[in-house]
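Before any comments, here is the structure.
Bear in mind these aren't lab numbers, they're just calculated from the coordinates by the rules spelled out. Since the structure is predicted, the reported quantities are computational estimates derived from the model, not experimental observations. Note: ideal-geometry Cβ built from the backbone for every residue, glycine included; neighbour counts use all protein chains shown.
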Amino acid sequence: MFEELGECIALIKKCGEQEIARDPAVRSAFVTEMSDVFMYYLDTLLRFGITAEELTDAYAKKHEFNKKRDYQTEYGAIKEILKAF
């Protein structure tokens, strides 16, 4: 799954969002890689018996949690740490 996700990221970096949206060949390659990620993801859910209800509940809770986060502060601190390297 991670290799397939890496291929999606590579396409985004190489081609950019606009090309993925506009160029049918690039879009097809991106969608194909995303479908690979999705298949692995679904296989993992099935392997561990995770139900749609469990996933929906966890998603809703995480979404509510994320809405309250202060990303500017969190990621600003990370950027400062990375500057040291």
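A few points about this structure:
- Filtering the range 36-85 to residues that are of a type in the set (A, V, I, L, M, F, W, C), within 23 Å of GLU4 (Cα to Cα) and part of a loop (DSSP other than H, G, I, E, B) leaves PHE48, ILE50.
- When the range 14-45 is filtered for residues that are touching a helix residue (DSSP H, G or I) at 6+ places or on another chain (Cβ under 8 Å) and of a type in the set (Gly, Ala, Ser), the ones remaining, listed by number, are ALA21, ALA29.
- Given (1) surrounded by fewer than 11 Cβ atoms within 10 Å (Cβ to Cβ); (2) in contact with a helix residue (DSSP H, G or I) (Cβ under 7 Å, 6 or more places away or on another chain), index of the condition LEU11 fails: (1)
- Residue check, VAL26 surrounded by 12 or more Cβ atoms within 10 Å (Cβ to Cβ), under 13 Å from the mean Cα position of the chain (by Cα) and part of a helix (DSSP H, G or I): no
- Hey, GLU64 among the acidic types (Asp, Glu) and over 20 Å from the mean Cα position of the chain (by Cα) or not: no
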